[in-house]
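Encoded as structure tokens, the structure appears first; notes follow it.
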């Protein structure tokens, strides 16, 4: 009986049409948030850039699901599923970021802002690989790269 009542209630909710103004407003907000994402993405924000991008993306996704997918008009189980989904997304973002930010600094990748280790110096000497040079065509292992002073 609850399923029949819920579908009957949803049918009533679907008959209530809203003007196009609401959709244009939400579309405008989504455009503004997209511009904010692009502008802040070009800035160097090492401390909170990732958090800002995740918050903006979450707000944009929530607006799309609430208004363009008409979840704001639904009641009951649909809202519970949406709320639980948002909680799980937040947990799946917070837990790994908290782990990464609080782990032993030496365990973080070398060269990252969370590590004291310097990145390895790749591309020096004779082992630079196929794009880095290595020995020049006229050079052998026994000849130095730069001529010694006094020798021509």
Full extension from residue 94 to residue 62: what is 0.36 nm times the residue separation minus their Cα-Cα distance, to one decimal in nm?
-> 9.7 nm
Any chance you could tell me what percent of the C-alpha pair distances in the range 19-105 go past 17 Å?
-> 59 percent
Approximate spin-label separation residue 52-residue 40, in nm, with each point projected 7 Å along Cα-to-Cβ = 0.6 nm
Net lengthening on full extension, residue 20/residue 79 (0.36 nm per residue, minus Cα-Cα) | 18.9 nm
Going highest first, how would you order 62-70, 94-102 by mean Cβ packing within 10 Å?
-> 62-70, 94-102
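Where a number appears in this text, it was derived from the coordinates with a stated rule and is not lab data. Since this is a predicted model, take the numbers as computed values, not measurements. A quick note on method: Cβ atoms are made from the backbone with ideal geometry, for glycine too, and the neighbour counts reach across all protein chains shown.
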